[in-house]
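What follows is one structure encoded as structure tokens, with my remarks underneath.
The values are calculated or read from the model by the stated rules, or taken from the named source; none is laboratory data. It should be emphasised that the depicted structure is a prediction, and the values quoted were computed from it without experimental measurement. Heads up, the Cβs are rebuilt from the backbone with ideal geometry, glycines too, and the neighbour counts pull from every protein chain shown. We work out accessible area using only protein heavy atoms, side chains counted, and drop any ligands, DNA or RNA first. Shrake-Rupley method; radii C 1.70, N 1.55, O 1.52, S 1.80 Å.
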Amino acid sequence: MAGAAHCSLKAKRLLLDPKFEGYKLSLEPLACYQLGLDAAVAEVKLRDDQYTLDHMRAFGMYNYLHLDSWHQDNVYYVDQFGRVMNLSVTLDTALQKPREVFRLPADLTAYDNRLCASVYFSSSTWVTLSDGTGRLYLIKSGKRGDSASEKWEIVFNEELGSPFIIAHSVSFVKSGTHSVAVLLLRVEKDELDTKGSGFHITLEWVTIAEMSKEGDHRYEICRRRVLQGKSVPHYAAIEPSGDGLMIVSYKPFKFIQEEDDKLKENNHANTTNEKKGPLYYWQQTEDDVTVTVNIPQDITKDDIKVHFSPDNMRVTLKDQPPLMEGKLYSSVDHESCTWIIKENKSLEISLIKKNEGPQWPELIVGDTKGEFIMDSSQHSEITECLMHLTSEVLNPDPEKENPPCNAQELEECDAFLEDSASLCRFDGDTLQVTHVINLGSNQYLFSVVVDPREMPCFCLRHDVDALLWQPHSDQPENMWEHIATFNALGSYVQASKQDKKFMACAPDYSYSALCECLRRVFIYRQPTPLSTVLYNRKEGRQVGQVAKQLVATLEANDPILGFQATNERLFVLTTKTLFLIKVNTGN
């Protein structure tokens, strides 16, 4: 991750409510409908050899109910006969029985070490499906949710090794070729791990493309890439273009290459290091940045082209590809920037900072071909600034009057079992990390698809609130956008729910919800204006809006296996029943 750009998430102040007073319990009735299932859900319980926390997170807490974000209020599940069942809702009071849309060819009961079947809707007409035995299906579904036009047709199926579940998939067209990229999650035995859990996590990134051979169109695997880590990722998604991958996890992932590729890469790296050092050197003061580039002896002034803009710089020699090019760390006064050729045949570029004072951690964002040279005065200044953080005595004042943290004041949801998580963006071509965000105490809560054409959103704790972030892989300046806030959901709500299993929110952010392992579902509406006058008796001021909490208790003794939210309703799946809770009234 040495060459990765270290970024941060920037919350929008207008979406935060520092005066939020809490949720008021509402006793308004919630319409709840239920459908008995013809056959039980194909639940796969953990085996004795699946005993780690990662097995529980990946498979024990799996959501067996799949929401089709391309066609609202369509949910799917797989039953014990290997049938993919669909419920399409148009009118709550006239619900039809779930209907079969596809049947897995294999007899799943014949496999002892299988995982749960998994489904992901890559586009409005494409579906990826795993039967839990290690076989992947690519299916052309037609227009889903419409019994007349929905017909699932297998266009690709192949055994891909040990069993997996599908974490994410996308459908895209590049250079006129249709492709589907799929992310497969496995928890595998690691014989070399003698001190840890004895398992590692792999994410296999498989790209299936349409091939045309002698007039025969078929889909084949064109690329397979594998990442490995030591913790199940909370979030893993492929970019809509298929060019990159984003992962939220407690422990880092890295691409695993074949031995031949490793040898080639090491040899190339050694050769490169022997031939040349840094491409350029740069220094800075509070006012300017000086860049020195070594150039060949036969290069003249007319061969050099240097282009400055407020945020970018490009240097080219003759007709060669750019020697330096990219976005500068901060803006410059491009009209005052200059360059000259020194006597020792080096090119010296002077950049005038637009904002005086702040030090630049890098010259060109994400570029690792240069080397920063720090002068002695800057080194002394930094050392002096850090002196107060160090001591020659270990824990010099443990009985200090005001300790920095009182563990007794922390709530249970404040305690982290592992190190802080990170969000990483991987490039699909270089297989390197390009962006890193250290999430610190911003605990991951859940993910939701707001716009199926975009990547799934992820929700993180921010102080006591929960903030929803939308990744934009095609917007480098706004790669993670804060789009909604769920007040107090990050701390107080979580702390009071000891048995929570799933969390979700409406795609229009109108409410958030969580369910326990059995029966109870909690709904938290966004604050809405009051139709009557209400006063805060303690402060004597009028209250303009109120946020309501609602509770639904399901008439079922079976554990909850699936949980999905749409703008109007919640879907809750148990072993033998599918419940619908009407939360909002449609327009």
* May I ask you to list the residues in region 566-580 that are of a type in the set (Lys, Arg) and surrounded by fewer than 21 Cβ atoms within 10 Å (Cβ to Cβ)? => LYS576
* To do: State whether one or more residues within region 208-216 are farther than 30 Å from GLN72 by Cβ, part of a loop (DSSP other than H, G, I, E, B) and open to solvent by 10 Å² or more (accessible area, probe 1.4 Å).
  => yes
* Among residues belonging to region 30-40 that are in a loop (DSSP other than H, G, I, E, B) and touching a Leu at 6+ places or on another chain (Cβ under 9 Å), point out the one that is surrounded by the fewest Cβ atoms within 10 Å (Cβ to Cβ). => ALA31
* Structure fact -> By residue number, the members of region 289-318 that are closer than 21 Å to PRO278 by Cβ, polar (S, T, N, Q) and in a loop (DSSP other than H, G, I, E, B) are GLN297
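Return the residue satisfying two criteria in turn: it lies in region 317-326 and is over 35 Å from the mean Cα position of the chain (by Cα) and surrounded by fewer than 15 Cβ atoms within 10 Å (Cβ to Cβ), and of such residues it is modelled with the lowest pLDDT. I'd like the intermediate steps shown before the answer.
Of the residues in region 317-326, the ones over 35 Å from the mean Cα position of the chain (by Cα) are 317-320.
Now drop any that are not surrounded by fewer than 15 Cβ atoms within 10 Å (Cβ to Cβ), which leaves 318-320.
On the way: LYS318: 81, ASP319: 77, GLN320: 82.
Result: ASP319.
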* To do: Scan region 31-54 residue by residue and report those that are out of contact with any Lys or Arg (no Cβ under 8 Å at 6 or more places or on another chain) and not aliphatic (A, V, I, L, M).
  => GLN34, GLU43, LYS45, ARG47, ASP48, ASP49, GLN50, TYR51, THR52, ASP54
* Asked: Which of the residues that make up region 44-69 are surrounded by 19 or more Cβ atoms within 10 Å (Cβ to Cβ) and among the aromatic types (Phe, Trp, Tyr)?
  -> PHE59, TYR64
* To do: Give region 120-136 a look and list any residue that's open to solvent by less than 50 Å² (accessible area, probe 1.4 Å) and closer than 18 Å to GLY161 by Cα, or say none.
  => THR128, LEU129, SER130, ASP131, GLY132, THR133, GLY134, LEU136
* Structure fact -> Counting only residues in region 274-316 that are of a type in the set (Ser, Thr, Tyr) and touching a residue at least 60 places away in the same chain (Cβ under 8 Å), the one surrounded by the fewest Cβ atoms within 10 Å (Cβ to Cβ) is identified as THR290
* **Any hit, region 473-483, residues being polar (S, T, N, Q) and assigned to a helix (DSSP H, G or I)** => yes
* Return the residue satisfying two criteria in turn: it lies in region 190-209 and is over 16 Å from ILE256 (Cα atoms) and of a type in the set (D, E, K, R), and of such residues it is modelled with the highest pLDDT. => GLU191
* **Every pair of residues 6+ apart whose Cβ atoms lie under 9 Å, when the first sits in region 341-354 and is closer than 16 Å to ARG314 by Cα while the second is assigned to a loop (DSSP other than H, G, I, E, B) and among the small types (Gly, Ala, Ser)** => SER350/SER336; LEU351/SER336; ILE352/SER336
* Report whether or not LEU445 is in a strand (DSSP E or B) and either of a type in the set (Gly, Ala, Ser) or within 22 Å of LEU514 (Cα to Cα) (or both). => yes
* **Which numbered condition ALA209 misses (of (1) touching an Asp or Glu at 6+ places or on another chain (Cβ under 8 Å); (2) farther than 25 Å from GLN432 by Cα; (3) of a type outside the set (Lys, Arg); (4) free of Cβ contacts under 8 Å to residues at least 40 places away in the same chain)** => (2)
* Structure fact -> Reported set for region 327-374 where residues are part of a strand (DSSP E or B), open to solvent by 60 Å² or more (accessible area, probe 1.4 Å) and among the hydroxyl-bearing types (Ser, Thr, Tyr) is THR338
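For (1) surrounded by fewer than 19 Cβ atoms within 10 Å (Cβ to Cβ); (2) at pLDDT 95 or above; (3) closer than 25 Å to SER122 by Cα; (4) in contact with a Gly (Cβ under 8 Å, 6 or more places away or on another chain), each residue gets a yes or a no:
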site: HIS6; (1), (2), (3), (4): yes, no, no, no
site: LEU9; (1), (2), (3), (4): yes, no, no, no
site: GLU28; (1), (2), (3), (4): yes, no, no, no
site: ALA42; (1), (2), (3), (4): no, no, yes, yes
site: TYR76; (1), (2), (3), (4): no, yes, yes, no
site: THR90; (1), (2), (3), (4): yes, no, yes, no
